[in-house]
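A short worksheet on the structure shown next.
Every number in this text was worked out from the coordinates using simple rules, so none of it is lab data. These figures come from a predicted structure and were not determined experimentally. Quick reminder, even Gly has a Cβ in these numbers, built from the backbone with ideal geometry, and neighbours come from all protein chains shown.
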Amino acid sequence: MSLILDFRRVPPAVGRLVNITGEVLHITHNQDLRNVFFTSPAKNTCFFSKCLYACKTEYAVCGRSDALEGSLSAYLPRLSQAPRVSIPSPWIRSYTFDGRRDWEVNPFYCDTIKQTYPYNSGTRLLNIIDMSVFDFLMGNMDRHHYELFTKFGDEGFLLHLDNARGFGRPSEDVMSILAPLTQCCV
């Protein structure tokens with residue numbers, strides 16, 4: 001998709017069906033990884049992540065029995081070779097059952113973003129809008145951050161990493177993914 005749009009900002013990725021029990025759980029020696037696996041009431045193998053966002057058993061990823069569709073990506077060079085910074089997206093989702101973010105309730109949210117560094121000059125806001133179109137076309141709802149190579153400073157392009165959510169529901173359009181485009185209209 002990135003090549004079709006001529007973004008050239010996504011590491012090569014391919015979809016794959018993984019047997020999470022046989023290909024992950026049963027072969028790992030990492031106890032932290034083993035501890036996040038469980039069997040759901042429907043007898044599906046599930047796991048959750050330990051991270052800053054929605055990483056609890058309520059947000060677990062479950063296979064259909066053991067099978068889970070996902071993506072594999074070519075990994076970027078080490079941080080020591082190509083330093084990069086991770087920046088929270090202004091349109092991050094709330095990841096709570098009761099809270100909502102400003103962008104979800106304020107149709108003029110972008111007016112504030114346009115006055116905020118680094119979105120008030122250069123191409124960063126336009127790059128965020130491009131990324132939202134990319135995410136919409138592939139159904140990626142969880143763009144909670146983006147990355148930049150530090151070598152290029154504020155003028156660098158956004159790296160489109162963590163696109164696995166886009167493998168979920170190809171026939172479902174989630175219009176809120178386009179919030180940067182619809183709210184900013186630049």
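In degrees between 0 and 90, to the nearest 10, how far off the longest principal axis of the chain does helix 124-138 point, with axes built from Cα atoms? Rounded to the nearest ten degrees, it is 40. Ranking of Cys185, Cys62, Cys110 by neighbouring Cβ atoms within 10 Å, starting from the fewest: Cys185, Cys62, Cys110. Local charge for Tyr109 was computed over the other residues whose Cβ lies under 11 Å away, with Lys and Arg +1 and Asp and Glu -1, and equals -1.
Take the Cα of Arg16, step 7 Å toward its Cβ, do the same at Lys43, and the gap between the two points is 2.8 nm.
Compared with the alpha-carbon gap, the fully stretched path from Arg8 to Arg34 is longer by 5.8 nm at 0.36 nm per residue. Amide hydrogen proximity for Arg84: with H placed 1.01 Å from N in the peptide plane, the residues at 5 or more positions away or on another chain lying under 5 Å are Thr150. Taking amide H as placed 1.01 Å from N in the peptide plane, Arg101 has its amide H under 5 Å from the amide H of Ser94, each at least 5 places away in sequence or on another chain. With a cut-off of 14 Å on the backbone N, the residues of segment 125-154 near the modelled label site 7 Å out from Leu76 along Cα-Cβ are 144-154.
Ordered by the count of other Cβ atoms within 10 Å of each Cβ, fewest first, His160, His26, His145 give His26, His145, His160.
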